[in-house]
Each structure stands twice: as C-alpha cells, then as structure tokens.
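Read the structure below first, then the notes.
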Amino acid sequence: MGGTFDHLHEGHKYLLRTALNISHFIEIGLTSQELLDNKKGFSKLEDFTTRKTNLKNFISSFTDLNRVSIVEIKNWDDMAEYSQDPTYDGLILSQETYSNAVKLNELREQKGLKPIILIVIPLLKDKNSRKISSTAIREKLE
C-alpha cells in the first residue's frame with residue numbers, strides 16, 4: 001500500500017488494520033515531502049518524519065512492527081519500481097486509487113509478471129456523510 005498518511009485518520013486506520021488482518025507482512029510506500037508540493041493545503045501537511053512516526057505508533061498499538069516495512073517514495077518512478085516487485089501478492093488500496101492500481105497491474109503484465117490481487121477498501125464517511133480525508137482535515141486547519 002502507499003500514500004501520504006497525513007493527519008492519520010479513521011480511514012487510514014481502517015485501511016491499515018484491514019491490511020494487517022489479511023497479511024502476514026505489509027510494505028507501506030510513504031510519500032516524501034518533495035512529492036507533495038502541489039497537494040491541496042500543502043502548508044498544513046505534516047512532515048515525513050511525523051507521518052512515519054504516527055504510522056509506527058498506531059501500528060504498534062495493535063501488532064508487532066516487525067510485520068511492517070515503511071519505505072520512502074521519493075518520486076513516481078519509485079512507486080512503479082516497488083509495484084514491479086515479483087514477490088508482491090496483493091495491493092490494498094482505497095476506492096480513490098483503484099484506477100492507478102489497475103494501471104500498475106497492466107505494467108506488471110507487460111513485464112511478464114503475474115497481476116497482483118487488488119483489495120479495495122471502501123471510503124469511510126463522517127457523521128455528515130462526507131468522506132473522511134486528510135484534505136478535509138487540512139482545510140479545517142487553515
């Protein structure tokens with residue numbers, strides 16, 4: 001799985017819990033600050049170290065951190081490279097990133113790799129039926 005995991009929220013936590021409930025080991029591609037320059041609410045983004053620490057703290061609250069590897073995604077080539085790892089069996093993702101995952105599987109097939117299983121986690125909504133998102137959290141901080 002991969003993402004920014006900014007202002008770790010219930011949607012992220014659901015995604016992570018699900019991943020660790022169905023996998024013995026997961027790798028998380030955590031986007032670097034440089035990749036986030038154009039993200040909405042950039043000035044309110046948590047830095048890489050904070051985001052990584054928050055991930056580790058949350059994960060360690062319910063399982064052994066040895067089940068997780070967090071790698072920094074410094075550019076989009078990194079993402080493509082990691083997705084081409086022949087040892088990967090599946091990709092856990094949100095509905096929002098499904099089309100990108102399909103493209104990654106197409107790249108795998110072009111390179112003669114077996115497609116990975118795509119496990120799509122639904123988006124969570126708040127009490128007002130709005131999707132829970134880091135962007136919405138950052139907007140409230142501005």
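The values are calculated or read from the model by the stated rules, or taken from the named source; none is laboratory data. Worth saying up front: this structure is predicted, and the values here are computed from it rather than measured. Glycine also receives a Cβ, built like all others from the backbone with ideal geometry; neighbour counts cover every protein chain displayed.
Every condition in (1) at positive phi; (2) loosely packed, with under 13 Cβ neighbours inside 10 Å holds for Phe25 except the one numbered (1).
Yes or no: the stretch 99-117 includes at least one residue that is outside any loop (DSSP other than H, G, I, E, B), in contact with a strand residue (DSSP E or B) (Cβ under 6 Å, 6 or more places away or on another chain), hydrophobic (A, V, I, L, M, F, W, C) and closer than 26 Å to Asn21 by Cα. The answer is yes; a qualifying residue exists.
For the condition of a type in the set (Gly, Ala, Ser), farther than 24 Å from Ser133 by Cα, touching a residue at least 24 places away in the same chain (Cβ under 8 Å) and not in a loop (DSSP other than H, G, I, E, B), what is the one hit in Ala19, Ala80? When all the criteria are applied, what remains is Ala80. Name the single residue that is modelled with the lowest pLDDT among those in the stretch 22-42 being in a helix (DSSP H, G or I) and more than 17 Å from Ser60 (Cα to Cα). Result: Phe42.
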